[in-house]
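One structure is given below, encoded as structure tokens.
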Amino acid sequence: MAAGLIDMKIVFVLTLIFAGFSLSGSSQTPATISSIRSEVNLINRSGPRYRTSARDVEGVTLEGTRATYFTSGKELKKIVGRMYGETFRATAELFYSGEELIFAFQRLEKYDTQIAMDPPPKVTSVIETRVYYSGGKAIRVIEGGKTLPARSADFVGAEEGLLDLSNTLRAAMSIP
């Protein structure tokens, strides 16, 4: 009887511990998102004080990519990438705190035909994607105004795609 009571107490305590972790994780996400938004707003407001440099980046898209880097001292604050493809154009804004990507915004405009066609192509759809990062992992992905389910294929695709873009654009940057 005493062993059964001890086992029940252990199960109860473990249940409380796991419930606490679960609740603390979900309650931290809104606070973390709020903190990221504040940091992004501060970076945007401080933009005119940052040093900027721009360069073409090879290997991102077929029709060209131009990246503009915003730095404070040797610290990267933001990258704006403008990417052109045969059937799209996109702009990505990548925000950093320290060395870490904290937020990515991408606006993808898809054309009805290839860029060199006559008449010129028309934009047929626009997809906006927002990814909030913490510790190198996405904690929220919003695409087309809808929050994607965590760890779904679209969530992971957006997380990894914008992280890869960040890594590529950062690798092309050189801070004197």
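Checking the cross-link pairs Lys110/Lys137; Lys74/Lys146; Lys74/Lys122 against a 32 Å limit on the alpha carbon distance flags Lys74/Lys146; Lys74/Lys122 as lying beyond it. Just add up the charged neighbours of Met83: K/R +1, D/E -1, any other residue whose Cβ is under 13 Å from the Cβ of Met83. Computed value for this residue: -2.
Once you list every other residue whose beta carbon is under 14 Å from the beta carbon of Val60, what net charge do they have if Lys and Arg are +1 and Asp and Glu are -1?
Here the charged neighbours net out to 0.
Each value in this text was obtained by applying a stated rule to the coordinates, not by laboratory testing. Here the structure is a predicted model, which is why all the values come from computation and not from measurement. Heads up, the Cβs are rebuilt from the backbone with ideal geometry, glycines too, and the neighbour counts pull from every protein chain shown.
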